[in-house]
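Chemist: Below you'll find the structure I mean.
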Amino acid sequence: QYRGLAGRSTHEVLQLYSARGQQQKLQRSSVVVQLHGVIKRLKQDLKSLRSCTLQLSKDFQRQSKTYLYQVLTAVQGIQLQNEAMQMFQIKAFDLEQSLQEVTERYEKEKQKRRALHNSLIELRGNIRVHCRIRPLLPFDTAAGHSISQDRQRNFSEEVAYAADDETVLVKCSRPGHAPTNKSFQFERVYSASESQDTVFADVAPLLTSLLDGYNVCIMAYGQTGSGKTYTMLGPQSEENFAFFTEDESELGIIPRATQEVFRLISEKPPGSYWVEVSVVEVYNNDIFDLLAKDSCGKVFGVKRDVVTTREGKSDVPLLTHETVENASEFLHLVNKGLQLRVRHPTLVHAHSSRSHLVVTLTITTIVSGDNFGTSWEDEQTSQRLNKEVSCTFPQKMRDSKSTSSSRASSPTQLEATEKPKQFKTRLQLVDLAGSECVGMSGVTGTALRETSFINRSLSALADVLGAIAEQRSHVPYRNSKLTHLLQDSVGGDAKLLVMLCISPDQKYLTESMQSLGFGTRARQVQRGQVKKKNFPVPSKAK
Ligand code: ADP
Ligand code: MG
């Protein structure tokens, strides 16, 4: 800078300096101007940045408020749900408790019901007699029926009828005598118009007793043609002695009772009951097993015998018992037995009314050690069952064919305290042979034998009922195969229903009076029972 000043005058130097100063000043001021512009832009940016930030923070605040609100709502919702859940839990607990209470009450009511039901049945008597009068039918006027010719008339007159539902009225008129009316009282009298439904409605309560642990027997008594088979099985076709009806309302007591038994069982815990069936015919004091099969599985009638076991019960060794799981299996099986009843050569007899048919349902109940005491709370029942319990495992249920003897020998012995116990109750359904008093004179050969066997077995039945009525220490069950076979469902605390069947027509008057007489004598048993209730006897007293 200074090199250029050499040789220059002061004035020139000063001029030079001032020119340079001016230049620098100009440069500086332009820089300042530029800086100013920059600062101005910066200020503007800052301003817009600030407003952006402001906006952002406002947005942030707004949004966070929204989110906070949402979170709060969610939390509240969860709290509400929690509370509701707790309420539900409390309610569920309450419900569980009340269910338990109801279950306990139900159990108690069930036990009370069982005790009451039994008292009711006992008050009615362990033996009751019902009487059914069938309608007049076309064959009553036709000739050639089993009644002897001298008593055949070509018109029919109704002489027996139901005066009310407990009284039978019989118009007795003899030539030369003024007509008299005789009346007979029974627990229930069915008029000719009363249906199979109505008859069964009075039978059904006995089946409740069956599942409560009592043996039950229902038998139809009456002369040939009085409606025994109709009442017990239903209408029959000429060639087919079976459940021939298509119309369910016509079915008799046997199929209906089986349906009812399976219905009652379906209300119980599954697997606690099972049912076996046997079908026998008592013909000329011989017992025929109608379900026995030969080695090829073909059904044929086999003669069996009835014995008394060491426990004093009646038993038919080797008798075929088939397990059935529903009513239709039962009907199929009994149908097979009934077919045989008319087909088999050893069982030849002119009419099904010449033999007694006994269909037995054996119900085995399995009671586990735990509920043995509770489900049979009725002391009397429990004690009785405890006596009868056989501590064995059930044989496999679908091991369908078994016999008394195989059942007695095969089951595994168990400790009585822990293992399931089983006991058996029996329902015996009997279609008795015709009770007509056919005179022996003039009857020969097969008919004579048949008649004398029928007479003997029916009078043995009357003797047994008489002995029970008089509470005799010895009841002559063994006087006939029929009474021996029915021993356990006629005596003791078993429930017996005798269904007297009566033809209303004048020409059957003698037979009808005989049947009504039998029924009246059987009713004495009931009176005996009522007396027993008034003067408690140890075995009955609670
Ligand atoms: P049993 O077995 O006593 O010899 P059945 O039951 O075979 O007599 O009856 C004889 C006839 O009378 C049959 O044709 C039957 O259908 C009919 N019968 C019996 N009772 C009635 C009734 N209550 N209603 C209609 N028909 C009946
Ligand atoms: Mg019959």
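Chemist: Just for segment 226-235: of the residues that are within 6 Å of ligand 1 (Cβ to nearest atom) and either out of contact with any strand residue (DSSP E or B) (no Cβ under 9 Å at 6 or more places or on another chain) or outside any loop (DSSP other than H, G, I, E, B) (or both), which one is farthest from residue 203 (Cα to Cα)?
Modeler: Step by step, filter segment 226-235, then rank; the result is 235.
Chemist: I'd like to know if segment 205-223 contains one or more residues that are within 16 Å of ligand 1 (Cβ to nearest atom) and in a helix (DSSP H, G or I).
Modeler: In the first step, residues of segment 205-223 are kept if they are within 16 Å of ligand 1 (Cβ to nearest atom); the result is 218-223.
Next, only the ones that are in a helix (DSSP H, G or I) stay: none.
So far as segment 205-223 goes, no, none of its residues is within 16 Å of ligand 1 (Cβ to nearest atom) and in a helix (DSSP H, G or I).
Chemist: Could you check, for segment 217-227, whether at least one of its residues is more than 22 Å from residue 505 (Cβ to Cβ), at pLDDT 90 or above and in contact with a helix residue (DSSP H, G or I) (Cβ under 7 Å, 6 or more places away or on another chain)? Walk me through how you get there before you give the answer.
Modeler: In the first step, residues of segment 217-227 are kept if they are more than 22 Å from residue 505 (Cβ to Cβ); the result is 217-219.
Retained after the next criterion (residues that are at pLDDT 90 or above): 217-219.
Subsequent filtering for residues that are in contact with a helix residue (DSSP H, G or I) (Cβ under 7 Å, 6 or more places away or on another chain) retains 217-218.
Checking segment 217-227: at least one residue is more than 22 Å from residue 505 (Cβ to Cβ), at pLDDT 90 or above and in contact with a helix residue (DSSP H, G or I) (Cβ under 7 Å, 6 or more places away or on another chain).
Chemist: Related question: Checking the structure you have, find out if any residue of segment 180-188 is within 16 Å of ligand 2 (Cβ to nearest atom), without any contact (Cβ under 8 Å) to a residue 12 or more places away in the chain, farther than 23 Å from residue 461 by Cβ and outside the structural domain of residue 112 (by the TED database).
Modeler: To start, the set of residues in segment 180-188 that are within 16 Å of ligand 2 (Cβ to nearest atom) comprises none.
Within segment 180-188 (the criterion being within 16 Å of ligand 2 (Cβ to nearest atom), without any contact (Cβ under 8 Å) to a residue 12 or more places away in the chain, farther than 23 Å from residue 461 by Cβ and outside the structural domain of residue 112 (by the TED database)), the answer is no, since none of the residues qualifies.
Chemist: Does residue 451 satisfy the condition of being assigned by the TED database to the domain that holds residue 363, part of a helix (DSSP H, G or I), farther than 30 Å from residue 257 by Cα and modelled with pLDDT of 80 or more? Even if it seems obvious, please write down each step before you answer.
Modeler: On the way: assigned by the TED database to the domain that holds residue 363: yes; part of a helix (DSSP H, G or I): yes; farther than 30 Å from residue 257 by Cα: yes; modelled with pLDDT of 80 or more: yes.
Against the criterion (assigned by the TED database to the domain that holds residue 363, part of a helix (DSSP H, G or I), farther than 30 Å from residue 257 by Cα and modelled with pLDDT of 80 or more), residue 451 qualifies.
Chemist: Another question, then. Which members of segment 490-507 meet the condition of being within 16 Å of ligand 1 (Cβ to nearest atom) and either free of Cβ contacts under 8 Å to residues at least 60 places away in the same chain or not in a strand (DSSP E or B) (or both)? Explain how you work it out, then say what you get.
Modeler: Of all residues in segment 490-507, those within 16 Å of ligand 1 (Cβ to nearest atom) come to 498-505, 507.
Of everything in segment 490-507, those that are within 16 Å of ligand 1 (Cβ to nearest atom) and either free of Cβ contacts under 8 Å to residues at least 60 places away in the same chain or not in a strand (DSSP E or B) (or both) turn out to be 503, 504, 507.
The values are calculated or read from the model by the stated rules, or taken from the named source; none is laboratory data. Keep in mind that what you see is a predicted model, and the values were worked out from it rather than measured. Because the Cβ atoms are built from the backbone with ideal geometry, glycine has one as well, and the counts that use them run over all protein chains shown.
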